[in-house]
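So the structure is just underneath, and the comments pick up after that.
The values are calculated or read from the model by the stated rules, or taken from the named source; none is laboratory data. It should be emphasised that the depicted structure is a prediction, and the values quoted were computed from it without experimental measurement. Note that each Cβ is placed from the backbone with ideal geometry, even for glycine, and that neighbours are counted across all protein chains shown. For the accessible areas, the whole protein counts, side chains as well, though only heavy atoms, and no ligand, DNA or RNA atoms are used. Shrake-Rupley method; radii C 1.70, N 1.55, O 1.52, S 1.80 Å.
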Amino acid sequence: MSAAASPTGAHFRRVLTVSVGLVLGVAALAPSGAADDTEMPPDEITAYHTAMDIQADGRLDITETITYDFGDIPSPGISREIPLHLERSLFTEERMDIAEVAVSSPSGADDTIDELREERGELRLLVGDASDETTDVVGEQTYEISYQVQGALRERTDGIELRWDFVGTEWDVPIRDVEVEISAPAVRDLDCFRGPPGSYTPCDVAELVASDTQEGAGDVESVYVADPSLESGSGLTGEVSLPPGAVEVVEPSRTLRPAFVLTPWAAAAIALALLVSLPLGFLLYSRLTARSRFGTARPDGLSAELAGYMVAGCRMRTHVLLAMVVELEQRGIIEAHRSGRGVWVFRQRVPSSDWQVTSAEERLLEVMFAERAVTSLVRIARQLDHKRVRGVTQAIINAGTQAGMLRTELGCLVFFVGALALAGAGVLFFAGLVVQITGVALIIMALVAAGVLALAQWRPLLLTSWGRHVRRMLVATRREATAGRSTWLTEYPAWAVAVDVPNKLVAHAPRIAAEARERYAEARPYYCDDGFRRSWHRRVDRRINPERYRHRGSSSSGSRSGGTGSGGGGGGGGRR
């Protein structure tokens, strides 16, 4: 059969090749004038104005006034897609709720809501009756789209945060005359970015507007953002910070991602695997910690940055880098001067033979003073990148390994074994859905149990038994200092910052208060300055954890934490 079928297949391929060639040749020889004659000016949005009112109960009342130029080609109206998910993890997604959607048209266009439904994580709105051609529109038409949002605000340690895409990056037409006005009971800070997804280009106009009423004179209660023109695929994203307690924060709804809705059988298998793995993990942890009997003295070779790294769960955090800066400044290697409210500059002193810096401190100094001998937070954040952060982190890990507190080989091995076990469980699970495999349920449960146990122990296994003992001592000391039962930690600012002791406890320590008045001529040094600490965390965290601020998903729905397309709202739309 195969020998007889071969000529037929070859003949078919020849016919297909000739046909495709003829089609392409005719298309290439076709006159281009006809296309030029029918080419119409592209659509554009000539005005995009957004008014947002943040209510005391945490609800957002939003009105978008969009003037869309359809040109000379009739259309039923516009479409608008508003992303609903804020953040997505592997299995779950956080969603905000949108209600009270209404449309009107000051220009007289048909404002019928032809369709309003959820589709692929977006609220899809079609305006205009597509079944009635007599209502089609041309030229410039203005639409006012209003809706209410719950669950878009986030509670942070230093206040309340709203990340919102005022103009999403999914519009496929250029946009002119963008204006955004936000009102709230109180506003503390604003960051605004424009451009394609992931851009950190500042907005043309981004202002905090003080209240003009007699009762609230001087208080910031609104935000104004403007941009004259955005190209197709570019957006406008804002990060608005409110003081703690300014409004009520309603948590977003959390649901399973549609791709990971489990069947009852799979859910039972995973639950049983967790029941098996958790006791085993507890027994293993208890057995390892039972050997930690090393006394309570502060160990040799433990620096502030290593202490902070261990307390943070063997992860690099912003306060660990700040503790290194404080330690360098306390030893006289650098100097700190205040140049404005919440703004500090650092100057490197003339090198001396008496200097003794660790490898991690040496790498941080290279980052801080790469351009000049005087630097600021903005320059430090600009110089930090993934490679430099990894270099500082590796230097800390090397110091911890030499001190006998950290180890990396076993952690990597266990992580690899756990990941392999989970991958094997996934393969067997999907294979079991297609064919019957004897004992597949038991195999899957065993592999999942091993994988979960290994992954859960990965970070703790970076610490040796000696390291776990030291970490427990540091955590206990921080807990006592926070509760006011111990004061020695608050007298050493680098250590207090490293283990993340609250600012107010450090600022009121007698030794630090006296030293601040003498050294800085200020009541609070920079490491206790709330404004500086917030700016440090916001800017440096983007460099330490860039994955938090990258686009995660198919729409500009707020799955990142910085740059354009990083907040709620956004999305896009166009002609129908």
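Residue-level analysis places ILE45 outside the set of residues that are within 24 Å of ALA184 (Cα to Cα) and modelled with pLDDT of 90 or more.
For THR482, indicate whether it is at pLDDT 80 or above and polar (S, T, N, Q). For THR482, the condition - at pLDDT 80 or above and polar (S, T, N, Q) - is met. Restricting attention to the range 67-97 and to residues that are hydroxyl-bearing (Ser, Thr, Tyr) and open to solvent by 30 Å² or more (accessible area, probe 1.4 Å), the residue that is nearest to VAL178 (Cα to Cα) turns out to be SER89. Residues in the range 361-377 that are in a strand (DSSP E or B), open to solvent by less than 30 Å² (accessible area, probe 1.4 Å) and either of a type in the set (A, V, I, L, M, F, W, C) or under 25 Å from ASN398 (Cβ atoms) (or both): 0 in all. Taken together, GLU115, GLU81, GLU119 contain a single residue that is among the acidic types (Asp, Glu) and in contact with an Asp or Glu (Cβ under 6 Å, 6 or more places away or on another chain), which is GLU81.
Of the listed requirements (1) open to solvent by 60 Å² or more (accessible area, probe 1.4 Å); (2) under 28 Å from the mean Cα position of the chain (by Cα); (3) under 24 Å from VAL178 (Cα atoms), GLY108 misses just one: (2). A single member of ARG194, ARG176 is closer than 30 Å to GLY245 by Cα, at pLDDT 90 or above and not hydroxyl-bearing (Ser, Thr, Tyr), and it is ARG194. When we screen GLU161, GLU122, GLU181, GLU100 for residues that are open to solvent by 60 Å² or more (accessible area, probe 1.4 Å) and touching a residue at least 60 places away in the same chain (Cβ under 8 Å), the only hit is GLU181.
Of the set (1) open to solvent by less than 60 Å² (accessible area, probe 1.4 Å); (2) under 27 Å from GLY301 (Cβ atoms); (3) modelled with pLDDT of 85 or more, all apply to SER352 but (3).
Being basic (Lys, Arg) and either part of a strand (DSSP E or B) or out of contact with any Leu (no Cβ under 7 Å at 6 or more places or on another chain) (or both) is the filter here, so list the residues in the range 174-188 that pass it. If you could, list the steps in order and put the result at the bottom.
Initial filter on the range 174-188 (basic (Lys, Arg)): 176, 188.
Passing the criteria: only ARG176.
For TRP171, the requirement of being outside any strand (DSSP E or B) and touching a residue at least 12 places away in the same chain (Cβ under 8 Å) is met.
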